[in-house]
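Engineer: I have a structure I would like to understand better, so I am pasting it below and will then ask my questions one at a time.
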Amino acid sequence: MKIAITGGIGSGKSAVAEVARRKGYCVASCDETYAKLCRSEDFLKDLRKLFPDAVKEDPPRLDRKILANTVFSSDEKRAALNAFAHPRIFRAMEEETRGEKIAFYEVPLLFESGTEGLFDEVIVVIREKKERINSVMERSRLTREQVLARMRSQIDYESRNFDGCHVLINDGNLAALEEKAGKLIDALAGGSRE
């Protein structure tokens, strides 16, 4: 069984994924997998063909700030990065979870990438926009405008209908979110493995 965990930036999806991890389930994260790929010379060499300013040579290394500024200022360039990176990320995550009966996948751009159909169940973490903005500004040391630019690259979680998904409302503190997440994970996965 493949269970996706998604939500807008700053929604709390990583905290939900961590609950699944603590319960003993295999959890693959798009962000963590992408970070590993960004340490691969082959991946960086291919990425450099698309974004030469963002990948330095000898040895190849990614300048994340340049790449972020490039892709968050252009829909076309963001689409090019997603078309390049998403298939490679999903292949790598499949390798990470091979042989697992139940696996969770933290996927920030699930709906944007059209990959929700790859999963048996989808958990959508919803949090008030203002709280998300404040959380990301504090966590990532970004300006409000930088956070809003990232939000504009995602679907509008406030107005979207999530029929067929399991919606988890993050409207309290971390302990409250973890308690809700634990109950939902147990229900979906058929009981705790603690």
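Engineer: Looking at segment 85-100, which of the residues that are buried (at least 16 other Cβ atoms within 10 Å of the Cβ) and of a type outside the set (Asp, Glu) is nearest to residue 53 (Cα to Cα)?
Structural biologist: 85
Engineer: Considering each residue of segment 101-150, count those that are touching a strand residue (DSSP E or B) at 6+ places or on another chain (Cβ under 6 Å) and among the acidic types (Asp, Glu), and give that number.
Structural biologist: 4
Engineer: Go through (1) surrounded by 16 or more Cβ atoms within 10 Å (Cβ to Cβ); (2) without any contact (Cβ under 8 Å) to a residue 40 or more places away in the chain; (3) farther than 29 Å from residue 72 by Cα and name the single condition residue 142 misses.
Structural biologist: Among (1) surrounded by 16 or more Cβ atoms within 10 Å (Cβ to Cβ); (2) without any contact (Cβ under 8 Å) to a residue 40 or more places away in the chain; (3) farther than 29 Å from residue 72 by Cα, the lone unmet condition for residue 142 is (3).
Engineer: Here's a follow-up. Kindly list the number of the only condition in (1) over 30 Å from residue 170 (Cα atoms); (2) surrounded by 15 or more Cβ atoms within 10 Å (Cβ to Cβ) that fails for residue 20.
Structural biologist: Every condition holds for residue 20 apart from (1).
Engineer: From the list 106, 100, which residue is touching a residue at least 40 places away in the same chain (Cβ under 8 Å) and touching a Ser or Thr at 6+ places or on another chain (Cβ under 6 Å)?
Structural biologist: Unique residue meeting the criteria: 106.
Engineer: Can you tell me which residue in segment 53-84 is nearest to residue 40 (Cα to Cα), limited to those that are in contact with a strand residue (DSSP E or B) (Cβ under 9 Å, 6 or more places away or on another chain) and either without any contact (Cβ under 8 Å) to a residue 12 or more places away in the chain or crowded, with 16+ Cβ neighbours inside 10 Å (or both)?
Structural biologist: Step by step, filter segment 53-84, then rank; the result is 62.
Engineer: Let me ask something else. Scan 53, 42, 46 and give me the residue that is among the acidic types (Asp, Glu) and assigned to a loop (DSSP other than H, G, I, E, B).
Structural biologist: One residue alone meets the criteria, 53.
Engineer: So, one more: Considering (1) closer than 28 Å to residue 173 by Cα; (2) surrounded by fewer than 17 Cβ atoms within 10 Å (Cβ to Cβ), say which one residue 111 fails and leave the rest.
Structural biologist: Residue 111 satisfies every listed condition except (2).
Read-outs: derived from the displayed coordinates by stated rules, not from any lab. Keep in mind the model is a prediction, meaning the values are calculated, not measured. Here the Cβ is made from the backbone with ideal geometry for all residues, glycine too, and neighbour counts use every protein chain on show.
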